[in-house]
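Asks: I'd like to ask some things about the structure below.
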Amino acid sequence: MTTIVRNLQLVRDRITTACFAANRNPATVRLLAVSKTFGADAVADAATDGQRAFGENYIAEGVEKVLALRAQAGMPALEWHCIGPVQSNKTRLVAEHFDWVQSVDRLKIAQRLSEQRPAGLPPLQICLQVNIDGGANKSGLAPGEVLALAQEVSQLPNLVLRGLMAIPEPGADFDADCAVHAKTKALFDEINAAGVLSVAMDTLSMGMTADLEAAIHSGSTMVRVGTAIFGKR
C-alpha cells in the first residue's frame with residue numbers, strides 16, 4: 001500500500017466519522033483530491049484506490065496532467081475540477097479540458113466559459129465562489145452579490161450551476177469554523193428557497209484538510225483535501 005493510498009483511506013475515515021457525528025449519510029459528501037503541485041503519477045496512484053475527482057488550482061499545470069493521464073493506457077475516466085482563479089486569457093483552456101469550475105465570481109468569466117465549451121462535451125458544472133468572511137486576500141463574490149450572478153449563470157448555455165464554493169480563513173477552533181461555514185450554508189439555502197433558479201443547486205463545496213469536520217457538520221457536500229492525501233507542498 002502506497003502512502004497516498006493509505007492517506008486516502010484515512011481521509012475517507014475522517015469523512016465517515018464526521019458524517020456520523022453530524023447524523024448524516026457519508027454518501028452525501030464527496031471527496032475532491034486537490035492535486036496541485038503534485039505530478040500525474042500521484043494522481044494515478046490515488047486513482048488506483050478508486051479516487052476519481054481531482055482539483056487543480058493552476059490551469060496550465062492541470063491541463064498537462066489531464067492530457068497525460070487521458071493518454072495513459074488503462075487509466076479510468078477522471079473528473080477534473082478547476083478550483084483556482086480563472087483569468088479571461090485562460091477560459092478556453094478551462095472550457096476545453098475541465099469538467100467543473102468551482103471558482104466563478106464574474107459574469108464575464110462565466111460567459112466566456114459558456115461560449116468556449118466545445119460542442120462535443122457535456123456542459124461545464126459550475127460553482128460560484130463566495131468570499132463568505134470578507135477575507136482581504138480571498139477571491140470570490142460578496143454574499144450580497146451571489147444571488148444576482150446565480151440567476152445570470154443559470155441561464156447560460158453549456159453551463160450547469162451546481163452550487164457555491166468557499167475558502168474562509170481558518171477559525172480559532174471547531175466552533176469558529178462551524179460558524180463561518182454555517183453562513184455559506186445559509187446563503188446556499190436562501191438562494192434555493194428564493195425559487196429563481198430553473199434547477200436548485202445541490203453542491204456546497206467547503207472544507208479542506210484542517211476543517212473538513214466542521215464543514216461537514218455545517219452541511220458541506222464536497223470537501224477539497226490536498227495535504228492530508230498527497231502531503232505538504
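Asks: What translational diffusion coefficient, to the nearest whole µm²/s, does region 48-168 have by Stokes-Einstein, given a Kirkwood radius computed over alpha-carbon pairs, a temperature of 20 °C and 1.002 mPa s viscosity?
Replies: Rounded, D is 145 µm²/s.
Asks: Take the residue pairs Lys36/Lys232; Lys65/Lys108; Lys183/Lys232; Lys108/Lys185 and return only those whose Cα atoms are more than 22 Å apart.
Replies: Lys65/Lys108; Lys183/Lys232; Lys108/Lys185
Asks: If you don't mind, another one. Once you have all Cα-Cα distances for the chain, histogram them in 10 Å bins from zero and send the whole-percent values.
Replies: Pair shares across the bins are 8, 33, 38, 20, 2.
Asks: Which peptide among 135-141, 225-231, 32-38 comes first, and what is the full order, when sorted by highest mean count of other Cβ atoms within 10 Å?
Replies: 32-38, 225-231, 135-141
No value in this document is a laboratory result; all are computed from the given coordinates. Being a predicted model, the structure only gives us computed values, none of them experimental. Cβ coordinates were reconstructed from backbone atoms using ideal geometry, including for glycine residues, and neighbour counts include every protein chain displayed.
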